[in-house]
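The values are calculated or read from the model by the stated rules, or taken from the named source; none is laboratory data. As the structure is a computational prediction, the values presented were derived from the model and not from experiment. Backbone-built Cβ (ideal geometry, glycine too); neighbour counts: all protein chains shown.
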Amino acid sequence: MQKGLAGMFLLDDERSGRLALPKTYGVDDLPVLVQDVTFDGADLDHGHGFLANTGFLGERTMVNGTLAPYAEVGDERVRLRLLNASTARIHTFGFDDDRFPLVGTDGGLLAAPAAPNRVQLSPGERVERPEPALRGRKDTVAVPVGSTVRIALRFDGPSDPGTPYMYHCHLLSHEDEGMMGRFVVVDKGQRAGAPPGHAGH
Ligand SMILES: [Cu+2]
């Protein structure tokens with residue numbers, strides 16, 4: 001990631017396929033992958049901008065691997081899929097008219113579209129919960145300093161005592177220093193198995 005390596009999966013399902021959302025990738029359905037970077041000549045520079053407790057903060061904003069990117073669009077509806085792919089910085093997104101039409105988050109499509117003034121994304125997030133009324137599923141949550149977040153998970157599929165799930169902090173330096181854990185889902189009375197080895201990880 002420190003060399004710009006980041007990408008996103010575009011997930012669609014039957015429900016999103018039925019909705020009148022723009023669907024032509026690169027034309028009216030645009031990924032917007034945002035990273036903060038610092039350059040030393042032609043190379044990415046991670047020797048500076050490192051804040052203890054937070055991690056690396058870059059000086060410039062890169063979108064889809066490009067500085068000062070733009071897309072020409074007409075007056076048709078355009079769908080943007082925002083991802084904060086930075087290693088530590090929180091980004092706030094907005095439009096001039098202070099209205100941010102929102103149809104989905106990292107938890108999937110919202111039950112109904114929303115229009116917050118701004119959308120704030122912490123690393124790895126695809127959208128910030130815009131207002132309490134929209135509390136819904138999320139797989140990534142911002143946890144401000146000193147705060148606590150309680151999460152509820154539901155596992156509907158078969159349990160697998162041998163294959164762990166993982167959870168981790170999205171501030172990359174925290175993750176590297178151990179803010180990462182694993183757990184397995186077992187049936188009642190079942191014990192965790194031995195996870196497979198991970199060569200090179
Ligand atoms: Cu952290």
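Summary of values
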read-out	value
Complete set of residues in the range 155-191 that are among the basic types (Lys, Arg) and either in the same structural domain as Gly55 (by TED's automatic domain parsing) or touching a Phe, Trp or Tyr at 6+ places or on another chain (Cβ under 9 Å) (or both)	Arg182
Evaluation of Ala20 against (1) surrounded by fewer than 13 Cβ atoms within 10 Å (Cβ to Cβ); (2) on the phi > 0 side of the Ramachandran plot (one fails), failing number	(2)
Of all residues in the range 177-196 being under 24 Å from the mean Cα position of the chain (by Cα), surrounded by 11 or more Cβ atoms within 10 Å (Cβ to Cβ) and assigned to a loop (DSSP other than H, G, I, E, B), the one that is farthest from the ligand (Cβ to nearest atom)	Glu177
Residue list for the range 142-176, filter: surrounded by 10 or more Cβ atoms within 10 Å (Cβ to Cβ) and within 10 Å of the ligand (Cβ to nearest atom)	Val143, His168, Cys169, His170, Leu171, Leu172, Ser173, His174, Glu175
Whichever residue in the range 54-81 is of a type in the set (A, V, I, L, M, F, W, C) and out of contact with any Asp or Glu (no Cβ under 9 Å at 6 or more places or on another chain) and, among such residues, is surrounded by the fewest Cβ atoms within 10 Å (Cβ to Cβ)	Ala68
Those residues of the range 36-53 which are buried (at least 16 other Cβ atoms within 10 Å of the Cβ) and under 19 Å from Ser122 (Cβ atoms), in sequence order	Asp36, Val37, Gly49
